[in-house]
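**Student:** Sharing a structure here in structure tokens format.
The values are calculated or read from the model by the stated rules, or taken from the named source; none is laboratory data. None of these values were measured; they are calculated from a predicted model. FYI the Cβ positions are ideal-geometry reconstructions off the backbone, even for glycines, and counts take in every protein chain you see. Remember, those area values only see protein heavy atoms, side chains included, never the ligands or the DNA or RNA. Shrake-Rupley method; radii C 1.70, N 1.55, O 1.52, S 1.80 Å.
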Amino acid sequence: MITQLKGGTVVDPVSGETRVRDVFIEDGRIISSPAAGEAIDQVHDCRGKIIMAGAVDVHSHIAGGNVTMSRLLLPELHVNEAPGDAGLPFSTSKWSGYEIGRLYAEMGYTTVIEPALAPAQAMQTHLEMADIPIIDRGALTVVGNDDHFLSQLRAREGRTAIRDSIAYALKASKGLGLKVINAGGPAAFHSGLRTFDLDDTVPHYGATSRQIVSALLTAVDDIGVPHPLHVHANNLGAIGAPDTIDATIAAAEGRRLHFAHIQFYAYGKDADGSMRSGAEQIAAALAGAPNITCDVGQVMFGSTVTISLDLMKQWSGSKFASPRKFSITDGDAEGGGVVPFAYKAKNWVNCLQWAIGLEIFLLSPDPWRVLLTTDHPNGGVFTSYPDIIHLLMSADERARWLESMPEKVREKSSLASMTREYSFEEIAIMTRAAPARLLGLHDRGHLKPGAVADVAVYDDLADRAAMFRSASLVFKDGRVAVKDGKALGWIAGRTSILTPDYDAQMDRRMSDYLNDRYGLGPAAFAVPEAAFGERSIFKVEPCRT
Amino acid sequence: MSDHRGTRPKGRESLVETVESAARLIAKARQPAIGGLGTDVDGVRAALALGLKIGAIVDHAATVYERVDLRVLSDSGVMVTTAAEARHRGDLIVLVGPGAVAWAGHASVFDNGGGLYPWRGPRGVLCIGTGGARPAHMAIDGDVAVLGDDLPLDRVIGLLRARLGGRPVAASPEGLDVTAIDAAALQMKAASFGVVVADAHDFDHVAYDSLMALVKALNAETRFTTLAVPAHHHGRGANLVSAWTTGGRLPVGMGRGYPEQDDWRFDLERAVGAGEIDALVWVGALGPELPEWAGKVPTVALIHHGAQECRADVVIEVGVPGITHAGVLTDAIRDGFAHVEPRAPQDLPSVAEVLSLLSAAIKDKAA
Ligand SMILES: [Zn+2]
């Protein structure tokens, strides 16, 4: 079966310059063109439309115990009020996995990464992800605050043992990459500490945050994880945190490192001690360190909920909960905190956060290294991506938003003077090619022959927000999944995972540890294919060699 | 319910016939309901899908867990931990109410001291409002401290909160010595990682909310958290599946073509009593048995192999996840989902299989 997307403007910097050309799909893959005499089964007229690969989100909290905790904590923020279309059960059930899949697909997103897969609760995250339709998924296994790993550091265990224990966690939890959250901070919170910096020591383990990050950076490379260590750094949201970013980059010593939601660290200090933009310091740090990538974690306005495994930050943030309630889970390693929050368009601090995020995009040295996220739902919901794209592509649109904001925003950030406008090519890199490559998903994020036929077709509207909010057509694995901005039905995506090797001794060692800790063996924590019945869920991606 | 015992299918062919009679019973209904919901993850998924298709009210039998524990989560939020953290890290276990004592006695969460954190101090135990009950099999360092054995829970929690907040109370409230309250408060403040254990069945939502507020307040100075006695019949698992499927917890009503959450409107016992329900699908693979209040409602019951006589109109024997077939269940020991292999495999249909057949046998309401 051959499908032709005819006459669209193809924006795909990986395969070449933007130009009007046809795109062909056969059996779920992109092909260069049909063989001579081969019949074309389906033609879609794409004249006047923009064609890009399906978009890839590198960091969005879409599944798992803490996400479901937020659903249970805040029923008033997601009251259902409309039935879904036929063939799309639960598609309008707000905050459900079904709604997540539909809304992402309708924007042309076809792969989304859940960034906080807790090994002890891996099954729940995978069950939830498997119930998110249309899109493909992956998840980042959270390591660095658990007793087993910290005990390894205390015992000064060697590089191979640490590599193997981390590989075990990654494989057993079926993750696609590795993440560390405020390295050592949640462990310190369990022991009563309320702040934690790069050179602070986790009580009882004698390991500093710096040592944790360093050990994990090495383990990621030793295992051959394609995605660099995904780092939620210390001091999130603190004034002066750009210094933490500088120090963490220095600690990486040239090794690959990805900063999650870097906007939340771009808060500089004004002469009077109050907050001002630190975006320039962040941009300079990025420019000077080609081994570093980040996603922005843009703030957008409205009521949302912050979901984080950074217990310390969530505890201190609970004072600002709106509505006034929160949950804190002291988990087997991190756990998590869920704190509702409202970013207000009249509040100068919230407006400054918004401006700082945009500054980071506009000062970005390289769209391959600065990716679009809102840290959904922490900075804003993922459905605000089209508005962010509009803001990046139009200085006038930014000026329009800035006009109604408090004067302090213009005083404390340089956003008003920035004239840069993102091109379609830069948008395609930042939302497709770069995240796919950064995750090691080489068969997507572009439209070269052989790529997965995940394709988004957009009407070329001057209102970029409207354009990217509802794709004209979305193909998932070559099948039409969305038409005129509406999902057509449930098709099942897959979850990409890594299955690294490690010394078999680690299986025995972890079995003993799990039995000591839980009175249960590894089977209680496993995520076997059989758990999903007839459904085929997992796609194994290669490690780096 | 009819006077005669319902028919049980023998073998797979008769399963199809039985499902067809079940489908006829449900298709006639104006307001069907799916209750019990004692089943694994796939069973709950299938029940919610069927519920949406037929516009049913769906609830789990663990209504106290929903209306107290989960309600307080959505009213005020909670601080919680896991059984393993409580066992290993907790240096003060506070058993609040008799249900907590009973659970600590039989669930074996605390029957050893936990040795993972060698720096932890001795483990103390404080019983609050337990009506004289004391834990039988807990590993404890020293004596069990006691407060307010004979006081109602809301009262003793209120007094404790007042003293923890430095507020005065009457000289001898309900016969309780203020110094005893202060001693308990001091013991709690002195803990490095205290864990309050409570069973929602001992509380109404106001008292449970007050207990959670007490725990949050303790965190201003030290670390304190809670461990809830798990819901029965996989109630937590069912509610979590509902949360990621419908957006929220149970019960839900789907008569409008989308899930709505409402504890009163969709309370099955109330709705049946008020004559609002005219067909009931009872899912009891993991139990519980069909309740008395199901009364005269035409009922299809999915019961587990070896269950007692069931007085439903249509009875379908299903397998039990973890016993006759594999399935995914929440594990009470660590509060997480796990895939469990069957201990004694038998060729019995799963709840998910039966509900899917049932769904297929019922024409779309719209059609
Ligand atoms: Zn995040």
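**Student:** Across the range A:96-114, which residue is nearest to the other protein chains (Cβ to nearest Cβ) among those that are among the hydrophobic types (A, V, I, L, M, F, W, C) and within 16 Å of the ligand (Cβ to nearest atom)?
**Tutor:** The residue in question is A:100.
**Student:** What are the residues in the range A:411-447 that are more than 14 Å from the chain's Cα centre (by Cα), among the basic types (Lys, Arg) and surrounded by fewer than 21 Cβ atoms within 10 Å (Cβ to Cβ), if any?
**Tutor:** A:420
**Student:** Does any residue in the range A:165-178 that is open to solvent by 10 Å² or more (accessible area, probe 1.4 Å) come within less than 8 Å, Cβ to Cβ, of a residue that is among the β-branched types (Val, Ile, Thr) six or more places away or on a different chain, and which pairs are these?
**Tutor:** A:169/A:141; A:169/A:143; A:171/A:499; A:172/A:527; A:174/A:495; A:174/A:497; A:174/A:527
**Student:** Go through the range B:201-229 residue by residue and tally those that are within 14 Å of another protein chain (Cβ to nearest Cβ) and of a type in the set (Gly, Ala, Ser).
**Tutor:** Of the residues in that region, 4 qualify.
**Student:** Before we move on, is residue B:299 within 14 Å of another protein chain (Cβ to nearest Cβ) and not charged (D, E, K, R)?
**Tutor:** No, not satisfied.
**Student:** Please work out which residue is nearest to the ligand (Cβ to nearest atom), limiting yourself to the range A:247-259 and to residues that are open to solvent by 10 Å² or more (accessible area, probe 1.4 Å) and outside any helix (DSSP H, G or I).
**Tutor:** A:256
**Student:** Would you tally the residues in the range B:80-136 being within 14 Å of chain A (Cβ to nearest Cβ), in contact (Cβ under 8 Å) with a residue 24 or more places away in the chain and in a loop (DSSP other than H, G, I, E, B)?
**Tutor:** 16
**Student:** Would it be correct to say that residue B:168 is open to solvent by less than 70 Å² (accessible area, probe 1.4 Å) and at pLDDT below 95?
**Tutor:** Against the criterion (open to solvent by less than 70 Å² (accessible area, probe 1.4 Å) and at pLDDT below 95), residue B:168 does not qualify.
**Student:** So in the range A:171-193, with the set limited to residues that are polar (S, T, N, Q) and not in a helix (DSSP H, G or I), which one is farthest from the other protein chains (Cβ to nearest Cβ)?
**Tutor:** Ranking the candidates gives A:182 first.
**Student:** Among the residues in the range A:318-325, are any away from the ligand (no atom under 16 Å from the Cβ) and aliphatic (A, V, I, L, M)?
**Tutor:** yes
**Student:** Scan the range B:18-66 residue by residue and report those that are away from chain A (no Cβ under 14 Å), among the β-branched types (Val, Ile, Thr) and open to solvent by less than 30 Å² (accessible area, probe 1.4 Å).
**Tutor:** Listed by number, the residues that qualify are B:18, B:19, B:26, B:34, B:57.
**Student:** For the condition within 14 Å of chain B (Cβ to nearest Cβ) and at positive phi, what is the one hit in A:48, A:64, A:37?
**Tutor:** Criteria check complete, one pass: A:64.
**Student:** Report yes if residue A:87 is away from the ligand (no atom under 16 Å from the Cβ) and modelled with pLDDT under 95, otherwise no.
**Tutor:** Here the answer is yes, as residue A:87 does meet what is asked.
**Student:** Now, a different point. Looking only at the range A:68-90, count every residue that is more than 7 Å from every other protein chain (Cβ to nearest Cβ), open to solvent by less than 10 Å² (accessible area, probe 1.4 Å) and assigned to a helix (DSSP H, G or I) and tell me the total.
**Tutor:** Residues flagged as more than 7 Å from every other protein chain (Cβ to nearest Cβ), open to solvent by less than 10 Å² (accessible area, probe 1.4 Å) and assigned to a helix (DSSP H, G or I) within the range A:68-90 amount to 1.
**Student:** Return the pair list, or none, for Cβ contacts closer than 7 Å from residues in the range A:253-280 that are on the phi > 0 side of the Ramachandran plot and in contact (Cβ under 8 Å) with a residue 24 or more places away in the chain to residues that are within 16 Å of the ligand (Cβ to nearest atom) and in a strand (DSSP E or B), at least 6 apart or on different chains.
**Tutor:** The qualifying pairs are A:261/A:295.
**Student:** Listed residues B:253, B:295; which is surrounded by fewer than 18 Cβ atoms within 10 Å (Cβ to Cβ), closer than 25 Å to residue B:31 by Cα and not polar (S, T, N, Q)?
**Tutor:** Within the list B:253, B:295, the selection yields B:295.
**Student:** Can you name every residue in the range A:115-137 that is within 16 Å of the ligand (Cβ to nearest atom) and either more than 10 Å from chain B (Cβ to nearest Cβ) or surrounded by fewer than 24 Cβ atoms within 10 Å (Cβ to Cβ) (or both)?
**Tutor:** A:115, A:116, A:117, A:137
**Student:** On to the next question. In the range A:260-311, which residue that is open to solvent by 10 Å² or more (accessible area, probe 1.4 Å) and among the aromatic types (Phe, Trp, Tyr) is nearest to the ligand (Cβ to nearest atom)?
**Tutor:** So, considering only residues that are open to solvent by 10 Å² or more (accessible area, probe 1.4 Å) and among the aromatic types (Phe, Trp, Tyr), the one nearest to the ligand (Cβ to nearest atom) is A:264.
**Student:** Take residue B:75 and tell me if it is modelled with pLDDT of 95 or more and closer than 21 Å to residue B:305 by Cβ.
**Tutor:** no
**Student:** Return the residues of the range A:224-233 that are open to solvent by less than 10 Å² (accessible area, probe 1.4 Å) and away from the ligand (no atom under 15 Å from the Cβ); say none if nothing qualifies.
**Tutor:** Across the range A:224-233, the qualifying residues are A:224, A:225, A:228.
**Student:** With the range B:178-289 as the region, which helices (runs of 4 or more DSSP H) entirely inside it contain at least 1 residues that are assigned by TED's automatic domain parsing to the domain that holds residue B:313?
**Tutor:** Those helices (runs of 4 or more DSSP H) span B:235-246, B:268-273.
**Student:** Select from the range A:1-38 the residues that are farther than 17 Å from residue A:472 by Cβ and open to solvent by 70 Å² or more (accessible area, probe 1.4 Å) and list them in ascending order.
**Tutor:** Matches in the range A:1-38: A:1, A:17, A:19, A:27, A:29, A:32, A:36, A:37, A:38.
**Student:** Could I ask something else about it? Within the range A:201-221, how many residues are more than 14 Å from every other protein chain (Cβ to nearest Cβ) and open to solvent by 60 Å² or more (accessible area, probe 1.4 Å)?
**Tutor:** 3
**Student:** Enumerate the strands (runs of 3 or more DSSP E) found wholly within the range A:288-332, keeping only those where 2 or more residues are at pLDDT 95 or above, within 11 Å of chain B (Cβ to nearest Cβ) and in contact with a strand residue (DSSP E or B) (Cβ under 7 Å, 6 or more places away or on another chain).
**Tutor:** Because the criterion is at least 2 residues that are at pLDDT 95 or above, within 11 Å of chain B (Cβ to nearest Cβ) and in contact with a strand residue (DSSP E or B) (Cβ under 7 Å, 6 or more places away or on another chain), the strands (runs of 3 or more DSSP E) in the range A:288-332 that meet it are A:327-330.
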